[in-house]
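The values are calculated or read from the model by the stated rules, or taken from the named source; none is laboratory data. None of these values were measured; they are calculated from a predicted model. Neighbour counts run over all protein chains shown; Cβ positions are idealised from the backbone, glycine included. Just the protein is used for accessible areas: all its heavy atoms, side chains included, with ligands, DNA and RNA removed. Shrake-Rupley method; radii C 1.70, N 1.55, O 1.52, S 1.80 Å.
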Amino acid sequence: MSVNSKEDLISVVNFLQDLSCCTRCVLRLIGVQITESRNPYLHPKEYLNKLVSQQISEDNSQSGISEPCSKKTKSNICTVCLDCFNQENIEIFAEGFKSLDINTYNYPNFSFNVSFPKCLSIRTHSMFLHLKDQFPKFNFGNLYDNKDGLNDLFILEPHKIFRAAAMGTFSKTLDKQYHPKSHLSFLMSLTYENDNKEVEKMRHIIKTKLRKRETKISRNNISECLKDTEDKVFKQTFLLPPQTPDKSVILEKIDIVVDPVYLGGRYLKFKRNVGQTPWVIDGVSVAEHNVQEILFEAISNVLGFSKSNMTFTTSGREDIDVRMLGQGRPFYIKIDNPRNRQFSSEQLQEIERQVIKSKMAAVIKLQPVFASNLKKIKCGEASKKKTYRALCKTTAPNIKDVISIINKQNGELKISQITVMRVLHRRTLMVREKAIYKMKATEILGHDLFELEVITQAGTYVKEFVHGDFERTYPSITSLVGYPTDLVALDCIDIDLVWPEENNSNNEV
């Protein structure tokens, strides 16, 4: 940091300390920055004394005059930060972690964020303007000019100061290392009794700047408006310097925020009348069993997660009377508030074993997946290809003729489906164009049945493609062969989607 002279620096420091600014706020207001190799806010008094002493030494080498160091900071509540940055308070805040049962969270590191009183930004702005008025020639590193007011690049945001000051204390209390991208995070809420009263005067400024009838005095609105509020307007509204507080901030609460963990895989459904998810009508379950519950139960048994914290997402769905075979249907399960996110291969295999023991479903390729890959489940839904195998019956007098007609259909077949009758209660009435990419019929010898294998565009209603849905789907197998045709049974045997993709080997995401 460069300054004009020792008198300027000492005068500014003493001026701020006389106004009951804590040492960390003094460093913040004179523009001291944090770098990768330097954290001045960890031991602020030592750094400030060193900064002043260095400036004295440089000037005394030229003048030979000896000058005293900066004053000792007063013990009053800090006028700017309300003692948010006070070391004794930080140690009190750290005690709040002890009531959170942190040991149940198996994480090697942590991060934290702080919600400050809204008036902190106003108090900082007020003190900074007052400082500029009193020391217009002081060189704050040329990171502001007198017309632009508070510059976010010059004065560090409070959460950066707090993090620099508190991470060591919190690490010791939690016995964990701080890491900015940790999956385990704490949100600390600091409150100040007069906060709402002090920010109320911002309402008119916010309403003028944002031009809104209903004005919310939020932190974002305050910060946004302070950036371009003229100094004259601010001075007409608020005191310079800010009023000396008679009460400090207090820790209102600490919330634990844990990133969700995701398990991805493919499921198979071997029996009909098993739902994909719970289906309840008028308080009565339509199906006794469903894939979601089978999966949740196994995961809860093996990994210990609460089923209420799990959310099941799949690539489409099959009807309750349709089996899911082949390589299965892609899915992922979101698990909120996981106490652990490291899974062994043996644990994942045990989940698969428990699912298959149900004899109704199976899971394959179960593994942790990255949140960034989840969009693949839904992305391009309309372009996916799905393969079905249907057992069909027709009133045609000669089944061989039916099979011949179907197998003569070469190339892609475009069909139109008016919203099918069975889903009309929950889907918009409209015409949907779908594609049948390929189909092949095979006679079932000894039975008046044939097997139809069809590759379709995702979203095609295969049952209706076979029977026509009262001509709402056209063309259909019924219209092609000229005789009413319907399904006896239907299976989905392939979904053309690479999922899940291989990820990191330690099974942690």
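What does the charge count around Ile455 come to, taking other residues whose C-beta lies under 15 Å from its C-beta (Lys +1, Arg +1, Asp -1, Glu -1)? Overall, the nearby charge balance is +2. Among the GluC sites (Glu not before Pro) within the range 196-278, those in coil by DSSP and having at most 16 neighbouring Cβ atoms inside 10 Å are Glu200, Glu214, Glu230. Over all other residues within a Cβ to Cβ distance under 13 Å of Phe170, the charged ones net out to +1, with Lys and Arg as +1 and Asp and Glu as -1. Ordering of 177-183, 324-330 by packing is 324-330, 177-183, highest average first (other Cβ atoms within 10 Å, averaged per residue). From Cα pairs below 8 angstrom and at least 6 apart in sequence, can you work out the relative contact order of the chain, rounded to a whole percent? After rounding, I find 14 percent. Protein heavy-atom accessible surface, 1.4 Å probe, per residue over the chain: 52 Å². Applying a threshold of 22 Å to the alpha-carbon distances of Lys98/Lys197; Lys384/Lys438; Lys176/Lys253; Lys181/Lys227; Lys334/Lys378 flags Lys98/Lys197; Lys181/Lys227 as lying beyond it. Here's the list of aspartates and glutamates a cross-link from Lys137 could span, going by alpha-carbon distance under 17 Å and ignoring same-chain residues fewer than 8 apart: Glu7, Asp8, Asp145, Asp148. One decimal place: the segment Val423-Ser218 gains 69.3 nm when fully extended, by the rule 0.36 nm per residue minus the C-alpha distance. Each 20 Å bin from zero holds the following percent of Cα-Cα pairs in the chain: 18, 32, 25, 18, 6, 1. Using a probe radius of 1.4 angstrom, the carbon and sulfur fraction of the accessible surface of the chain is 49%.
Treating cross-link reach as a plain straight distance, find the aspartates and glutamates whose alpha-carbon is under 14 Å from the alpha-carbon of Lys271, omitting any fewer than eight places away in the same chain. Counting by Cα, and skipping residues close in sequence, Lys271 has these aspartates and glutamates nearby: Glu288, Glu318, Asp319, Asp321, Asp491.
Compactness of the range 436-500 was expressed as the Cα radius of gyration divided by 2.2 N^0.38 Å, which yields 1.21. The lysines whose alpha-carbon is closer than 20 Å to the alpha-carbon of Lys50, local same-chain residues fewer than 8 away aside, are Lys6, Lys71, Lys72, Lys74. Using a ≥ b ≥ c from the Cα gyration tensor of the range 363-509 (square roots of the eigenvalues), is it rounded, prolate or oblate, where a/c under 1.5 gives rounded and otherwise the larger of a/b and b/c decides, a/b for prolate? Prolate.
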